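Since the structure comes first, as structure tokens, the remarks are kept for the end.
The values are calculated or read from the model by the stated rules, or taken from the named source; none is laboratory data. None of the values given here were measured: they were computed from a predicted structure. Quick reminder, even Gly has a Cβ in these numbers, built from the backbone with ideal geometry, and neighbours come from all protein chains shown. In case anyone asks, the SASA skips ligands and DNA or RNA and just uses the protein heavy atoms, side chains included. Shrake-Rupley method; radii C 1.70, N 1.55, O 1.52, S 1.80 Å.
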Amino acid sequence: MQAELFELLKTVLKARSMTYSALADRLGLSEPTIKRIFAERDCKLSRMTEICSALDLTLDDLVAEANRIDVRPSPLGDRLEAQLADDRPAFHLFLLLLDGMTEAAIQKQYQMQANKLFDLGMRLEKLGLAVVMPDNRIRLIVQAPVHFRRDGPLHQRLLKLNMDFLRTVYLAQDTEHSAYLTQTRRMTRKTAQHILARLRDVQVELSNLARRDQLTQPDDALSSYKIGIALAPVVFTELVSLAED
């Protein structure tokens with residue numbers, strides 16, 4: 001989300017013929033500091049608010065505009081997918097960073113030493129997917145969302161991840177924050193098309209609300225959630241048998 005906001009801010013600067021130097025003067029900062037903030041596309045919420053104010057914008061306006069952007073998933077290509085398929089830990093770190101997890105959160109959840117995380121970050125850097133910053137922060141070059149080919153080099157790893165997730169949710173008790181939902185009904189193709197469109201709307205809403213949370217809430221208030229949506233005609237003869245065991 002922050003990356004998209006900074007791209008919008010660049011557009012605003014260009015439209016107003018304002019340089020980084022001029023923006024720095026309004027904020028009482030140095031030009032190199034402003035250039036670094038925009039290059040890293042990362043700053044505290046308070047600083048983002050100050051930048052918006054200097055441009056006569058509100059943060060709400062900026063977020064609303066960002067939410068109107070149609071963000072299309074970008075493919076990695078077979079070569080990069082194949083390299084990630086050969087390096088499972090680096091691939092999994094890539095997924096965590098794409099999800100927006102901080103280095104501190106990753107270290108805490110995986111009980112990982114900083115040097116181990118640094119080594120994995122360097123493996124992503126060698127693939128051209130990330131840059132390890134001087135303070136050991138890992139900044140992705142590729143921005144979410146990313147499209148992985150279902151029949152590509154990462155097929156088996158992605159299949160396992162998704163099936164393991166569904167199995168975990170299926171076996172767990174439903175709560176107010178998680179549930180396994182399934183239903184089979186006979187309907188027309190037109191009705192199925194309508195339902196699928198509604199489900200896609202839910203997917204978009206989830207993405208937009210998550211962006212807002214990531215921008216406005218502290219990291220320790222966030223948890224990673226995953227949704228899996230499937231709607232397709234059922235061929236019962238391939239799923240259930242009427243033969244005696």
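For the stretch 158-176, enumerate the residues that are out of contact with any Gly (no Cβ under 7 Å at 6 or more places or on another chain) and of a type in the set (A, V, I, L, M, F, W, C).
Leu158, Leu159, Leu161, Met163, Val169, Leu171, Ala172
Is it the case that the stretch 183-197 has a residue that's in contact with a Leu (Cβ under 8 Å, 6 or more places away or on another chain), open to solvent by less than 70 Å² (accessible area, probe 1.4 Å) and at pLDDT below 95?
Checked against the condition, which is being in contact with a Leu (Cβ under 8 Å, 6 or more places away or on another chain), open to solvent by less than 70 Å² (accessible area, probe 1.4 Å) and at pLDDT below 95, the stretch 183-197 yields no hits at all.
Going through Lys108, Lys126, Lys116 one at a time, which residue ends up being over 17 Å from the mean Cα position of the chain (by Cα), within 21 Å of Asp213 (Cβ to Cβ) and basic (Lys, Arg)? Write out each step before concluding.
Working: Lys126 fails: within 21 Å of Asp213 (Cβ to Cβ); Lys116 fails: within 21 Å of Asp213 (Cβ to Cβ).
Lys108 is the lone residue from the list that is over 17 Å from the mean Cα position of the chain (by Cα), within 21 Å of Asp213 (Cβ to Cβ) and basic (Lys, Arg).
Taking Glu125 as the residue in question, decide whether it is at negative phi, among the acidic types (Asp, Glu), without any contact (Cβ under 8 Å) to a residue 60 or more places away in the chain and in contact with a strand residue (DSSP E or B) (Cβ under 8 Å, 6 or more places away or on another chain).
In short, yes.
Name the single residue that is modelled with the highest pLDDT among those in the stretch 204-231 being polar (S, T, N, Q) and surrounded by 11 or more Cβ atoms within 10 Å (Cβ to Cβ). Talk me through it step by step, then tell me what you get.
So in the stretch 204-231, the residues polar (S, T, N, Q) come out as 207-208, 214, 216-217, 223-224.
So of that shortlist, the ones also surrounded by 11 or more Cβ atoms within 10 Å (Cβ to Cβ) come out as 207-208, 214, 216-217, 224.
Numbers: Ser207: 82, Asn208: 77, Gln214: 72, Thr216: 62, Gln217: 71, Ser224: 93.
Selected residue: Ser224.
Take the residues in the stretch 232-245 that are acidic (Asp, Glu) and in a loop (DSSP other than H, G, I, E, B), then tell me which one is modelled with the highest pLDDT.
Per the criteria, the residue is Glu244.
Check the stretch 117-136 and report whether any residue there is of a type outside the set (Val, Ile, Thr), open to solvent by 30 Å² or more (accessible area, probe 1.4 Å) and under 26 Å from Tyr225 (Cβ atoms).
no
Residue under question is Ala54, and the condition is that it be under 24 Å from Glu125 (Cα atoms), hydrophobic (A, V, I, L, M, F, W, C) and touching a residue at least 12 places away in the same chain (Cβ under 8 Å); does it hold?
no
Would you pick out the residues in the stretch 137-182 that are in a loop (DSSP other than H, G, I, E, B), of a type in the set (A, V, I, L, M) and surrounded by 10 or more Cβ atoms within 10 Å (Cβ to Cβ)?
Once the filter is applied, which keeps residues that are in a loop (DSSP other than H, G, I, E, B), of a type in the set (A, V, I, L, M) and surrounded by 10 or more Cβ atoms within 10 Å (Cβ to Cβ), the stretch 137-182 yields Ile141, Val142, Ala144, Leu154, Ala172, Ala179.
Just to be sure, is Pro134 farther than 30 Å from Glu65 by Cα, touching a residue at least 60 places away in the same chain (Cβ under 8 Å) and in a loop (DSSP other than H, G, I, E, B)?
no
Need at least 2 residues that are among the β-branched types (Val, Ile, Thr) per element, so show me which helices (runs of 4 or more DSSP H) inside the stretch 1-117 make the cut, counting only ones lying wholly within it.
Once the helices (runs of 4 or more DSSP H) in the stretch 1-117 are filtered for at least 2 residues that are among the β-branched types (Val, Ile, Thr), what remains is 2-15, 31-40, 45-54.
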